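These notes concern the structure reproduced below.
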Amino acid sequence: MINEFERYRIDFADLNNFTIQLNSPFILSITKDEVDFDFLIRVKKRNDKAIIFGSGAYDASSELEPPIFQRHKWMEHFDETLIFYNDPTLYLGEINIGWGFGTGDRHYLTEIAEILEILLEKINLKKEKTLFYGSSAGGFMSLLLGGLLKGSKVLVNNPQTIVWNYYDRHVNAMFETTKPSLSRKEIIESYSEKLNVRDFYKKIKYVPEITYLQNVTSGRDLTHHLNPFILGLSHLSDDYYTKEMKIQLYSDIKRGHNPIGINETIYRIKNTINN
């Protein structure tokens, strides 16, 4: 299905002059300092809201190749403008997850945020009416992007909040691909603001409006991500918070770390953005 979309390739310097297509979904590949940032965009001109989707893990050993736009088949369920972004970290090697890390001197998520801000402005959509959604690694990236696009909302399901607390084989693969000259310990010490949501919020001095869905039967998510996230937030200044954070717990032993079902997810996305 991805190959069916019309594709445009431009340089970042030409983005402001690019005409956004209104008739059908399209892929926009933007080259910025020799890195490709890919977006799947579907504009709904008569709707004043936007939903931005982040992707979690994919099987890098399969025939599937980046750009990865998970949940793009959900388009028919939404009347809002939709933007799906690919993590360019996946282009650096055969890794399943990149968490938007980038390289030592570049944080790809901050560059994705810069591009998203321009795209929203071109479509005349306000950040206050924009929702970032993702689960697992997509949830991690949504939490950071919501902090960068101040005023937007974030809805996440079983996200990572501390990258190095995820499974070692995925984390180590990303570390070895992006910073092969440093040890795991050195990477964590040097780049905690790119790997820990709390540390990132401390750096930017801002916590976005978050709805955090967590399956209590996924024990590792509780001990390695939700609990340390809450404890970490308690050490941030009151001034960083502009909205309440909602943590909603549910129990589904069959799904575990996997997100809630499609119908329930769509309902919660619409409920969050419309409220």
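The values are calculated or read from the model by the stated rules, or taken from the named source; none is laboratory data. Note that this is a predicted model, so its numbers are computed, not measured. Cβ: placed from backbone, ideal geometry, glycine included. Neighbour counts: every protein chain shown. Keep in mind that these areas ignore ligands, DNA and RNA; they rest on the heavy atoms of the full protein, side chains included. Shrake-Rupley method; radii C 1.70, N 1.55, O 1.52, S 1.80 Å.
A few points about this structure:
- Test: residue in segment 242-250 that is buried (at least 17 other Cβ atoms within 10 Å of the Cβ) and either touching a helix residue (DSSP H, G or I) at 6+ places or on another chain (Cβ under 8 Å) or of a type in the set (D, E, K, R) (or both): no
- Single residue of V197, V163, V171 found to be touching a residue at least 40 places away in the same chain (Cβ under 8 Å) and either in contact with a Phe, Trp or Tyr (Cβ under 6 Å, 6 or more places away or on another chain) or open to solvent by 40 Å² or more (accessible area, probe 1.4 Å) (or both): V163
- Being touching a strand residue (DSSP E or B) at 6+ places or on another chain (Cβ under 6 Å), open to solvent by 20 Å² or more (accessible area, probe 1.4 Å) and modelled with pLDDT of 95 or more is a property that F12 has.
- A Cβ distance below 8 Å, combined with a sequence gap of six or more or placement on separate chains, defines the contacts here; from segment 24-49, residues that are more than 12 Å from L82 (Cβ to Cβ) and part of a strand (DSSP E or B) reach residues that are polar (S, T, N, Q) and open to solvent by less than 20 Å² (accessible area, probe 1.4 Å) in the pairs D36/S29; F37/S29; F37/N86; D38/S29; D38/N86.
- Any chance I260 is without any contact (Cβ under 8 Å) to a residue 24 or more places away in the chain, of a type in the set (A, V, I, L, M) and surrounded by 14 or more Cβ atoms within 10 Å (Cβ to Cβ): no
- Those residues of segment 21-48 which are hydrophobic (A, V, I, L, M, F, W, C) and touching a strand residue (DSSP E or B) at 6+ places or on another chain (Cβ under 7 Å), in sequence order: F26, I27, L28, I30, F37, F39, L40, I41, V43
- Residue match in segment 54-76 (condition: over 18 Å from M141 (Cα atoms), open to solvent by 20 Å² or more (accessible area, probe 1.4 Å) and touching a residue at least 60 places away in the same chain (Cβ under 8 Å)): yes
- H224 farther than 20 Å from L145 by Cβ and over 22 Å from the mean Cα position of the chain (by Cα): no
- Residues (in a loop (DSSP other than H, G, I, E, B) and within 18 Å of the chain's Cα centre (by Cα)) located in segment 60-79: P66, P67, I68, F69, Q70, R71
- All positions within segment 80-127 that are open to solvent by less than 10 Å² (accessible area, probe 1.4 Å) and assigned to a helix (DSSP H, G or I): P88, T89, Y108, L109, I112, A113, I115, L116, L119, L120
- Taking every residue in segment 240-253 that is in contact (Cβ under 8 Å) with a residue 12 or more places away in the chain and pairing it with any residue that is outside any strand (DSSP E or B), at least 6 positions away or on another chain, the pairs with Cβ-Cβ distances below 6 Å are Y240/K205; Y240/Y206; L249/V216; S251/V216; S251/T217; I253/T217.
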